[in-house]
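First up is the structure itself, then whatever we jot down about it.
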6 protein chains.
Amino acid sequence: MNVQEQIDQSRTSIFKAVFPNTTNHYDTLFGGTAMQLMDETAFITATRFSRQQMVTVCSDKIDFTKPIPAGTIIELNGYVTKVGTTSLKVRVDIFVEEMYTNAREKAVSGEFTFVAIDGNKKPVKII
Amino acid sequence: MNVQEQIDQSRTSIFKAVFPNTTNHYDTLFGGTAMQLMDETAFITATRFSRQQMVTVCSDKIDFTKPIPAGTIIELNGYVTKVGTTSLKVRVDIFVEEMYTNAREKAVSGEFTFVAIDGNKKPVKII
Amino acid sequence: MNVQEQIDQSRTSIFKAVFPNTTNHYDTLFGGTAMQLMDETAFITATRFSRQQMVTVCSDKIDFTKPIPAGTIIELNGYVTKVGTTSLKVRVDIFVEEMYTNAREKAVSGEFTFVAIDGNKKPVKII
Amino acid sequence: MNVQEQIDQSRTSIFKAVFPNTTNHYDTLFGGTAMQLMDETAFITATRFSRQQMVTVCSDKIDFTKPIPAGTIIELNGYVTKVGTTSLKVRVDIFVEEMYTNAREKAVSGEFTFVAIDGNKKPVKII
Amino acid sequence: MNVQEQIDQSRTSIFKAVFPNTTNHYDTLFGGTAMQLMDETAFITATRFSRQQMVTVCSDKIDFTKPIPAGTIIELNGYVTKVGTTSLKVRVDIFVEEMYTNAREKAVSGEFTFVAIDGNKKPVKII
Amino acid sequence: MNVQEQIDQSRTSIFKAVFPNTTNHYDTLFGGTAMQLMDETAFITATRFSRQQMVTVCSDKIDFTKPIPAGTIIELNGYVTKVGTTSLKVRVDIFVEEMYTNAREKAVSGEFTFVAIDGNKKPVKII
């Protein structure tokens, strides 16, 4: 399997209904909840790409372009964008869908960097 | 868009890492957590198919074929299997993936029935 | 202690106030939360009946007869309905009570099957 | 219905399995989780007794007699112990049960005071 | 470092925004959530004071003086008030701040007693 | 009150014990949980500084310098670092403390940008 096939196969999706247990006092998705879901999506994408132990090194700029109202559906979409010797980058986009129309648009986007580690927590090559 | 296209387009996936906050004292995914995620997957699938207000009427037999160990990744996959006049059925399968191999197999499977309702909570036609 | 006494003694109740952290965008209890609580009730009932390691094999049809509004109280009630050689069945009913009247009615009902396992996860006799 | 019948009828039970999402680094039930469940039990008991709007005024001394290990089952038991003109007291005991024996003992106990309020949040008579 | 310095240095603060996932049907902070946060604050204060294993023995009277509305900010403040041979007391106050004014007042207050234990769960001297 | 006083007064701290409900399968704090807490800290800091409605525009690079083991205590510390016409920046550092020694070091650090909005969600001046 070549790298492009690995990238395609490790694309990771998480759908979620925006219910009251995830919202703030503006009745929109709390930013911290969005970030938690983005990191989980990125971690799963990185692990499914490499099938190695991966740890988050950093997140790059995360843009909250549009608020996400309660009573919508979101999809988080993660995919590998760059593969280095011991690290890789995963982009995660959040799309918001209205429940009762086909309206769908990108609301949040960010990138995460992971390194592969061995059992002694030392960086190792991504195979 | 015909029904088959609607079905394809409303397929809904939720990936999740099985961390300690979702496990029981056997160190496997708690069955109740699996069911909660299945119902959320089914609800999102039904809503994205119909773009109408949908409520759960019942779940049919849900089979827990294999225990899901902590430290794995699961994917929930929902898709519409039957469309009636005012109700539809959604099947949800849970696949378990080992983190560090490509092993993947079906672990749980079940079916949910939803009806479309109007603003007065009366059943309405699925369009 | 005979079987009927064991059944009576293992009856298991969980009361819960329906607060915003358990509701959906219709302002009713989310179906997935109901199922999670039902499985927890069933698991505790099965364990308290047998005092053996029990795992969920399947849930049978779960009927959501009535929506459960926010600001009510629910009681989940679990009791053993059938005892086989290595498996048993537990029925769980959810009753909804209004807070400020004595109104109470059944809202959800379902049945769960459990098997007893030994330390090697092999089915064993229910004693 | 006299007061004793009201007290009997409003007894409120919550069973819970002690899984990793409720424990601390000693692998016992976190004290704060115990208190949260006790307050919920007390609130439901007070509301089911009076069928009026009730708010917590205070908790009296809560004794944590025994630690509650992971992998056990707890039962919270709430019952009204004193009824005043505008306030009432609810005692909540937590019992811990081993899963695979019939051992059961009291682990935590405390008392909560509630007042009945009207729509303007003013204390009113308990009827 | 003398005791007063230890007390000053172990003062522990937790700020929290009161969002829908922590409120009850009166749209105020649920009492049980307040107690859970108070116990966590007290535990951290006691541990940071003594740097020994500490377990909660009891909470003394906790007064809920004022309801805490959704859409406010709270600060929990913990500090050691008494140091005995094997036990210590921690007071925790909850202050509520309006988001868009400088209004701030005490809403809840309580005291917790902890003992230091060794590896065999026996009480030991607080050093 | 001048800007420096406002900055000092809006410093916001959140302590948290790292228990199993916040950890991943490496037995360290899950990165997504860290980010959720950072955003909450940043939001509270920004609101307490401006006493206006604030929304997250973006997070800048967040560095995960050190893993945070289970059984430690963390402190999140937020403070305003830059005030513009309609936006401001908040830095959040996470420090990890061992429970039973005085060891403490910075583990994670990041910066968040907020804008002040009016009732129509339009950017307004920070006063």
Matching residues in segment C:81-94 - criterion: being touching a residue at least 24 places away in the same chain (Cβ under 8 Å) and of a type outside the set (S, T, N, Q): C:VAL83, C:GLY84, C:LEU88, C:LYS89, C:VAL90, C:VAL92, C:ILE94
Any pair with Cβ under 6 angstrom, 6 or more apart, that starts in segment F:31-43 at a residue that is at the interface with another protein chain (Cβ under 7 Å from one of its Cβ atoms) and ends at one that is small (Gly, Ala, Ser) and part of a helix (DSSP H, G or I): F:GLN36/A:GLY32; F:ASP39/A:GLY31; F:ASP39/A:GLY32; F:GLU40/A:GLY32
Conditions (1) within 26 Å of C:GLU98 (Cβ to Cβ); (2) open to solvent by 20 Å² or more (accessible area, probe 1.4 Å): number failed by E:GLN9: (1)
C:ASP27 under 30 Å from D:MET54 (Cα atoms), within 13 Å of chain B (Cβ to nearest Cβ), among the acidic types (Asp, Glu) and open to solvent by 40 Å² or more (accessible area, probe 1.4 Å): yes
Single unsatisfied condition, B:ASP93 versus (1) modelled with pLDDT under 95; (2) touching a Gly at 6+ places or on another chain (Cβ under 9 Å); (3) away from chain C (no Cβ under 14 Å): (1)
Pairs with Cβ under 8 Å, 6+ apart, first in segment B:67-80 and on the phi > 0 side of the Ramachandran plot, second outside any strand (DSSP E or B) and open to solvent by 20 Å² or more (accessible area, probe 1.4 Å): B:GLY71/F:HIS25
Some residue of segment B:96-119 being within 17 Å of A:ILE44 (Cβ to Cβ), in a strand (DSSP E or B), open to solvent by less than 60 Å² (accessible area, probe 1.4 Å) and in contact with a helix residue (DSSP H, G or I) (Cβ under 6 Å, 6 or more places away or on another chain): no
Inter-residue pairs, beta-carbon under 7 Å, first among the hydroxyl-bearing types (Ser, Thr, Tyr) and in segment C:95-119, second outside any strand (DSSP E or B) and open to solvent by 20 Å² or more (accessible area, probe 1.4 Å), 6+ apart: C:TYR100/D:ARG51; C:TYR100/D:GLN52; C:THR101/D:ARG51
Unmet criterion (only one of (1) of a type in the set (D, E, K, R); (2) away from chain A (no Cβ under 11 Å); (3) assigned to a loop (DSSP other than H, G, I, E, B)) for F:LYS66: (2)
Exclusive hit being at pLDDT below 95, surrounded by 15 or more Cβ atoms within 10 Å (Cβ to Cβ) and out of contact with any Cys (no Cβ under 6 Å at 6 or more places or on another chain), set E:PRO67, E:PRO123: E:PRO67
Breaking point among (1) more than 13 Å from chain A (Cβ to nearest Cβ); (2) not in a loop (DSSP other than H, G, I, E, B), for F:MET1: (2)
Yes/no for D:ALA17 being open to solvent by 10 Å² or more (accessible area, probe 1.4 Å), touching a residue at least 24 places away in the same chain (Cβ under 8 Å), at the interface with another protein chain (Cβ under 7 Å from one of its Cβ atoms) and more than 30 Å from C:THR101 (Cβ to Cβ): no
Which listed residue, of E:THR22, E:THR85, is of a type outside the set (Gly, Ala, Ser), more than 14 Å from chain D (Cβ to nearest Cβ) and open to solvent by 10 Å² or more (accessible area, probe 1.4 Å): E:THR85
Residue list for segment B:88-102, filter: closer than 14 Å to B:THR65 by Cβ and over 13 Å from the mean Cα position of the chain (by Cα): B:VAL96
Filtered residue count, segment C:44-63, keeping only those that are within 11 Å of chain B (Cβ to nearest Cβ), touching a Phe, Trp or Tyr at 6+ places or on another chain (Cβ under 8 Å) and of a type in the set (D, E, K, R): 1
In segment D:37-85, the residues that are of a type in the set (D, E, K, R) and in contact with a helix residue (DSSP H, G or I) (Cβ under 6 Å, 6 or more places away or on another chain): D:ASP39, D:GLU40, D:ARG48
Matching residues, segment B:70-82, being over 9 Å from the mean Cα position of the chain (by Cα) and either over 25 Å from B:VAL3 (Cβ atoms) or open to solvent by 30 Å² or more (accessible area, probe 1.4 Å) (or both): B:ALA70, B:GLY71, B:THR72, B:ILE73, B:ILE74, B:THR81, B:LYS82
Subset of segment E:69-83 (residues that are of a type outside the set (A, V, I, L, M, F, W, C) and farther than 18 Å from E:GLY110 by Cβ): E:PRO69, E:GLY71, E:THR72
Test: A:ASP39 is among the acidic types (Asp, Glu) and over 18 Å from F:LYS61 (Cβ atoms): no
Qualifying residue in segment B:48-55 (condition: charged (D, E, K, R), open to solvent by 20 Å² or more (accessible area, probe 1.4 Å) and out of contact with any strand residue (DSSP E or B) (no Cβ under 7 Å at 6 or more places or on another chain)): yes
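The values are calculated or read from the model by the stated rules, or taken from the named source; none is laboratory data. Worth saying up front: this structure is predicted, and the values here are computed from it rather than measured. Cβ sites come from the backbone with ideal geometry, for glycine too, and all protein chains shown count toward neighbours. Remember, those area values only see protein heavy atoms, side chains included, never the ligands or the DNA or RNA. Shrake-Rupley method; radii C 1.70, N 1.55, O 1.52, S 1.80 Å.
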